[in-house]
Amino acid sequence: MSIIKFILFTSFLFLTFSMKLDSDFKKDAHWTFYTKFCFDKSSTHYGNFTWDVVVNHDAYQWAFYDDNSNSWPAVYDSNENCNTKVSKALATSYIDTFIPGYYEFFDQSRPRFWYFALANCQNDQLDMTYVDIHIWNPEASKWNKEFSCNEQGLVALFLVFMIFFLILLIIYSIAAIKIYKKDSLHALARLFLLTIYLQTLGLIAIFAHFAAYAKDGKGSFGLRVFGELLEVVSAVLLMFFVLLVAKGWLISRNFITRKKILFGVIVVLLLLYIAMHIVGYATMNRATTTYIWETVPGIIILCFRVLIMIWFIFEIIRTFKFEEDPDKKRFYKLFGFIFSVWFLCLPVIVIIASIISATYREKTATALILVFEMVFYSILIYLMWPSRTDKFFKIRLYGTEETMTLSSNQTAERAFDEL
Ligand SMILES: *[C@@H]1O[C@H](CO)[C@@H](O)[C@H](O)[C@H]1NC(C)=O
């Protein structure tokens, strides 16, 4: 119960925080970063930037910079004054209040990030109310034209994986119903079912956001946050599941060993994930390119994951030694090996992604992470298949076979309710 309360509380915090966070817009300055966007490559493709805003002075202008080292990187952090910064822009455009304007970007030899700064060199209070800004790649395909090129293709990616996970969910639900009819459903099987369900639901929500975004360039921010929250909870539950198996809970023992450490690890992990997403949203339109795994909490998660892996190996070896049933010993060996790889996958993917150019980094990392998740979920479904749960997921601790089965089911149910 307390865990559920905790999850509700933190998700509430997460939602309220992420709604309030904005870009790096500075009000008391002559010149400020507004947003960034990546335009497609090609000789005919061009980007389009339109605005309809209200400003309080007639000297406002947009200043556009690209990602070449003498453009944005040289201007952003420098101490030059407003006029010098504006003069270094590749293009500028004055803003008329109430009159919508647009600017087209032509001829690029490669996809590149453009940075949009707002300047008013005559007044040091930047004030822009009623903002309607739309940036897009007019010549890209129907599904991609609203997206900055570092995000193009994500709709298709989420569509594909949403379908894959729906299939996995259906397959495992059928298996779970089968087990349930024969015997009651093992607590670990329920936890796993919940994890895969949340993961699928999260993917559906994120896909729905991207699909809406493809249409109107806005999407549904709430849906995206909701989807990511589900993904976070599912990722943490999966870690919980893996650690419970390593401890032989309801497989070799009917109680959780070193419970406090386990819950501590899970809570810290959950907080880190939430922090990572909050920082991720805060830096989403950031003047210097970052993506979520390169934020400080993201890096801590990756290091923490390696520590948890060491603990996981230690636990599973202990359980392996404790267990006497040869089938179960084999199961622990297999599980220990496969999930040590699982622990390492994420850090390796992030390291690989960090050497890829910023335009492709996020897409590549997302695709790889989803592929690996799918593989490991499939392996888990295989291991948790009804024919195997009979062999592996039964405690043989007390009395005769029959009473044992009975007691394990009751313990399982009670244990699950305690959660
Ligand atoms: C850019 O947007 C403006 C305003 O909506 C429009 O008039 C113009 O045709 C657009 N350019 C392209 C290339 O789509």
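Applying a length cut-off of 20 Å (Cα extent along the axis) and a mean Kyte-Doolittle floor of 0.5 to the DSSP H helices of the chain leaves 2-20, 154-182, 187-216, 221-246, 259-282, 296-322, 326-354, 358-383. Applying 0.36 nm per residue to the separation of ASP390 and CYS303 and subtracting their alpha-carbon distance, the gain on full extension is 27.7 nm. Electrostatic tally near VAL53: other residues with Cβ closer than 11 Å to its Cβ, Lys and Arg +1, Asp and Glu -1, net -4.
Computed over segment 70-115, the range of Cα coordinates on each principal axis works out to 32, 30, 13 Å, biggest value leading. Helix content alone sets the calculated 222 nm mean residue ellipticity of the chain: runs of n ≥ 4 DSSP H residues at -39500 (n - 2.57) each, divided across all residues, give -20500 deg cm²/dmol.
Secondary structure note: in the chain, about 95% of the DSSP beta bridges are antiparallel. For the chain, the relative contact order works out to 18 percent when only alpha carbon pairs closer than 8 Å and six or more residues apart are counted. On the basis of the beta-carbon distance and an R0 of 56 Å, ASN56 and PHE372 show a calculated FRET efficiency of 0.65.
Each 5 Å bin from 0 upward holds the following percent of the Cα-Cα pairs of segment 31-136: 2, 12, 23, 24, 19, 13, 5, 1.
What FRET efficiency would be calculated for the residue pair TYR382, PHE106, taking the C-beta separation as r and a Förster radius of 45 Å, to the nearest 0.05? Computed FRET efficiency for TYR382 and PHE106: 0.25.
Shape analysis of the chain based on the Cα gyration tensor places the equivalent ellipsoid semi-axes at 51, 20, 19 Å, largest first. Here segment 156-227 has an Rg and Dmax of 15.2, 50 Å, counting Cα atoms alone. Maximal additional length on extending the VAL341-THR129 stretch stands at 71.2 nm, based on 0.36 nm per residue less the C-alpha distance.
Laboratory data are not the source of any read-out in this text; all were calculated from the coordinates shown. The model shown is predicted, which means the values in this text are computed figures rather than measured ones. Cβ atoms come from the backbone with ideal geometry, glycine included; neighbour counts cover every protein chain shown.
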